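Only one structure is covered here, and it is reproduced in the block below.
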Amino acid sequence: MNILISFYKTVKEFFVRYPAVMSGYIIYSYLFISTIKFFLDEKEESLGAFDIFQRFDSLLWMWLLSVSLVKIIDIRTKLYQHEKEQMMHRQDLEVKKMQLSTLLEIVRGLQHEVNNPLTIIMMTSGKLDRQLIAQPELRESVATIKGAAERIAGTLDSFSRAKQYEVDTSPVGNIAKPPDLSEGR
């Protein structure tokens, strides 16, 4: 039984892979049989033009059928490739959507954990800045701390509003950046 199933699959695969060859085999087999029959009939009686046409007219229809079969298989193959590409594109979009959703969840978690200490740093740096009016080098350090804290807050805000992101390569690996951050640096 397995041999029969294996043979069926092999023949079916051959038909699908080489439809023009198979239709050629069928057409030429029919032509051979028709020609032999024609010569046998010619020995027994004389055949007219209509008899000759009647013997070989089905060859024309078989040829048209085989051309149609090859075209149909070609169209089906192209359709299959197109649908496969569309499915891959849809899967790619779904993966990117899931990645963006995951990124936004992580950013929201980071915002929740970072915003409270960041607010304290920014408030304290503002207070220190007002208290250190007479010491310019310390005020410069406080301004650097305040600028870094604002940069962190801005980056987290950009990530939380992002509808897409870009991936940049750095020495530590791939880094996700919202498009507006990538242009600003």
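Would you confirm whether any residue within the stretch 145-163 is of a type in the set (Val, Ile, Thr), over 42 Å from the mean Cα position of the chain (by Cα), modelled with pLDDT of 85 or more and over 30 Å from Phe15 (Cα atoms)?
Within the stretch 145-163, the first condition is being of a type in the set (Val, Ile, Thr), and the residues that meet it are 145, 152, 155.
From what is left, the residues that are over 42 Å from the mean Cα position of the chain (by Cα) are 145.
Next, only the ones that are modelled with pLDDT of 85 or more stay: 145.
In the following step, the residues that additionally are over 30 Å from Phe15 (Cα atoms) were identified as 145.
Yes; the residues of the stretch 145-163 include at least one that is of a type in the set (Val, Ile, Thr), over 42 Å from the mean Cα position of the chain (by Cα), modelled with pLDDT of 85 or more and over 30 Å from Phe15 (Cα atoms).
Which of the residues spanning the stretch 1-43 are outside any helix (DSSP H, G or I) and surrounded by 10 or more Cβ atoms within 10 Å (Cβ to Cβ)?
As a first pass, look at the stretch 1-43 and keep what is outside any helix (DSSP H, G or I): 1, 18.
Matches in the stretch 1-43: Tyr18 only.
Yes or no, residue by residue, for (1) more than 24 Å from Tyr80 (Cβ to Cβ); (2) among the charged types (D, E, K, R):
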residue: Leu4; (1), (2): yes, no
residue: Phe7; (1), (2): yes, no
residue: Phe15; (1), (2): no, no
residue: Ile27; (1), (2): yes, no
residue: Glu45; (1), (2): yes, yes
residue: Ile52; (1), (2): yes, no
residue: Phe56; (1), (2): yes, no
residue: Leu60; (1), (2): yes, no
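For the stretch 20-35, indicate whether the set of residues that are modelled with pLDDT of 80 or more, within 30 Å of Ala176 (Cβ to Cβ) and not assigned by TED's automatic domain parsing to the domain that holds Ala162 is non-empty.
no
The values are calculated or read from the model by the stated rules, or taken from the named source; none is laboratory data. Just so you know, these numbers come straight off a predicted model, no measurement behind them. As a convention, Cβ positions derive from the backbone with ideal geometry for all residues, glycine included, and neighbour counts pool all protein chains shown.
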